[in-house]
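The values are calculated or read from the model by the stated rules, or taken from the named source; none is laboratory data. These figures come from a predicted structure and were not determined experimentally. Quick reminder, even Gly has a Cβ in these numbers, built from the backbone with ideal geometry, and neighbours come from all protein chains shown.
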């Protein structure tokens, strides 16, 4: 059975290489409960076990979840003694939650929308038709070790398998980083491929999360991409500014703002409660430095499948100069069926949002389909807001 701190991806997880640092978050959890430390310390002290996560939040065991996900799932259905050993042993995707994110979760509330995103449940061990290990066709799109080439003019580098948080709906939770990723964080095959393809003028850095790379290593990669003359834009896809905002260091802002490339940052927040004052202040520094910031969210059952929640998220984003970009239909990765919202419901929510938001605050509702040459819109994008 797979334990929380033992995974076939453990060599990719920065925090797994350092000793767990216990903290004293007892009783109520607030922004002040997770004092600011450097981002690497934040990775080291992150929670790695479901039972530890529940204890920190004062949760007690409840009735078992519906494995089909057709009725409200419980987030606390496993016994404490089983929390660090998955019952089936099928899935070795471990718990990983930084204290900075924990501080935004309501203590004692098993239905907290942030908790739902990070606490494993027995639903993950139930096979559901139509859900697979590679729902978006990543593996067949590997053009070189660590590089995906799906769309015209753009290529994506899998920089690392490490993330600053483990979201239970992650579409790459089973991606074979050791076999197909950037081996030992060497991007030579990816860079060679980019150099041979002058039609590629935009590079996306993803993973894992590219901002789990230490500054010197990240700087090497940016330097190498800048040296490829036909590349004009660099896009980061990252959750780090949301979950560990102190990762946005002065060095990072300075390096990206002075790049010869047009640098864009795409962050990932699904619920307005994820956007606390530390997060918003940090993202504001990026924007002030001339780095545009977009947000992509995933439509998740029990998290944001409500028009008012989505409207609050979008308005909070634009109030802080962050552009709502995509609202993704769930990628049908194995283990995440209980998060799925029917497309028809998603379309109804988008219609409601059109009447609640200015047009510039409305994200595009899309789905990624394996083999398609772009994201597929799920609503008529010609309908405009007021």
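When the criteria are applied in full, residue 105 meets the requirement of being closer than 28 Å to residue 247 by Cβ, out of contact with any strand residue (DSSP E or B) (no Cβ under 7 Å at 6 or more places or on another chain) and in contact (Cβ under 8 Å) with a residue 12 or more places away in the chain. Selection over region 146-204 of residues that are in a loop (DSSP other than H, G, I, E, B), touching a helix residue (DSSP H, G or I) at 6+ places or on another chain (Cβ under 7 Å) and under 12 Å from residue 225 (Cβ atoms) gives a count of 3.
In this structure, is residue 341 part of a strand (DSSP E or B) and within 29 Å of residue 141 (Cβ to Cβ)?
Working: part of a strand (DSSP E or B): no; within 29 Å of residue 141 (Cβ to Cβ): yes.
Answer is no for this residue.
Among the conditions (1) under 30 Å from residue 94 (Cβ atoms); (2) within 20 Å of the chain's Cα centre (by Cα), residue 234 misses just one, which is (1). When region 278-307 is filtered for residues that are assigned to a helix (DSSP H, G or I) and in contact (Cβ under 8 Å) with a residue 12 or more places away in the chain, the ones remaining, listed by number, are 278, 279, 280, 281, 282, 283, 284, 285, 286, 287, 307. Checking each residue in region 213-250 for being in a helix (DSSP H, G or I), in contact with a helix residue (DSSP H, G or I) (Cβ under 6 Å, 6 or more places away or on another chain) and closer than 30 Å to residue 114 by Cα picks out 215, 240, 241, 242, 243, 245, 246, 247.
Can you work out which of the residues in region 178-231 that are within 18 Å of the chain's Cα centre (by Cα) and closer than 21 Å to residue 151 by Cα is surrounded by the fewest Cβ atoms within 10 Å (Cβ to Cβ)?
Among those residues, the one meeting the criterion is 206.
Which of the following residues is modelled with pLDDT under 95 and within 24 Å of the chain's Cα centre (by Cα): 88, 92? None of the other options fit; the residue is 92. Residue 269 satisfies every condition listed in (1) crowded, with 19+ Cβ neighbours inside 10 Å; (2) over 23 Å from the mean Cα position of the chain (by Cα) except (2).
Of all residues in region 311-331, how many are under 25 Å from residue 370 (Cβ atoms) and part of a strand (DSSP E or B)? Working first, answer last.
Within region 311-331, the subset under 25 Å from residue 370 (Cβ atoms) is 325-331.
Then drop every residue that is not part of a strand (DSSP E or B), which leaves 325-328.
Total meeting the criteria: 4.
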